[in-house]
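Heads up, the thing below is written out as structure tokens.
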Amino acid sequence: MRRPLSWKAIEAIRARWSGPFVLKGILHPDDARRAVDAGADGLIVSNHGGRQLDAAPTPLAALPAIRAAVGDRTTIMIDSGVMSGLDVARCLAHGAQLVFCGRAFIYGVAALGKPGGDHAVAILREGLEDILTQIGCATIDELDARWLSASRPPTTHETPG
């Protein structure tokens, strides 16, 4: 693209397209609200891996304010630099409903060919399961920012000690 996509153009696309409509590159709560108001079914919080503008905020830093701005009005996804199960947990805890891990898959496939993609999934899954165990969170569905806060009260399924 040679120029930014205007809100007028986004609204025109939405008016012509009845299918799922997702906008990528959202990093500010005002843009998130405007995108949802324009009919976005989903938002991808992304700085495009920092390749286009390395001074842009990290998606994880922008995520909580974006989630607060749009609430449950749309699906929030995130990408850019997710490389571990801990990264996935952080993204989910701060409001993402879907986490893209493309770079991990690219590295896995580059190293091992097709089996590398499966290996990347296994590493990410194991890392996510490990962090959930370490913080005492029973399921991904329970995961939110409280689990990563030092002031989080214990839940009923945690054992004392």
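The values are calculated or read from the model by the stated rules, or taken from the named source; none is laboratory data. Predicted, not measured: the structure shown is a model, and the values here were computed from it. Cβ: placed from backbone, ideal geometry, glycine included. Neighbour counts: every protein chain shown. With ligands, DNA and RNA removed, areas are computed over all heavy atoms of the protein, side chains included. Shrake-Rupley method; radii C 1.70, N 1.55, O 1.52, S 1.80 Å.
For this structure, a couple of remarks:
- First in the range 2-27 and within 22 Å of Leu98 (Cβ to Cβ), second anywhere and open to solvent by less than 70 Å² (accessible area, probe 1.4 Å) and basic (Lys, Arg), Cβ under 8 Å, 6 or more apart: Phe21/Arg14
- Enumeration of residues in the range 6-37 that are in a strand (DSSP E or B) and in contact with a strand residue (DSSP E or B) (Cβ under 6 Å, 6 or more places away or on another chain): Val22, Leu23, Lys24, Ile26
- Residue match in the range 101-117 (condition: of a type in the set (A, V, I, L, M, F, W, C), closer than 25 Å to Trp147 by Cβ and modelled with pLDDT of 95 or more): no
Listed here are the residues, each with its yes/no results for (1) within 18 Å of the chain's Cα centre (by Cα); (2) of a type in the set (Asp, Glu); (3) modelled with pLDDT of 95 or more; (4) at positive phi.
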residue	(1), (2), (3), (4)
Trp7	no, no, no, no
Lys24	yes, no, no, no
Ala40	yes, no, yes, no
Arg51	yes, no, no, no
Val70	yes, no, yes, no
Thr74	yes, no, yes, no
Ile78	yes, no, yes, no
Leu86	yes, no, no, no
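- Members of the range 28-44 that are in contact (Cβ under 8 Å) with a residue 40 or more places away in the chain and more than 14 Å from Gln97 (Cβ to Cβ): Pro29
- Selection count where residues are more than 23 Å from Ala68 (Cα to Cα), surrounded by 14 or more Cβ atoms within 10 Å (Cβ to Cβ) and not polar (S, T, N, Q), scope the range 84-106: 5
- Of the residues making up the range 8-52, those that are surrounded by 13 or more Cβ atoms within 10 Å (Cβ to Cβ) and among the charged types (D, E, K, R) are Glu11, Arg14, Lys24, Asp31, Arg33, Arg34, Asp41.
- Filtered residue count, the range 53-64, keeping only those that are over 13 Å from the mean Cα position of the chain (by Cα) and surrounded by 14 or more Cβ atoms within 10 Å (Cβ to Cβ): 2
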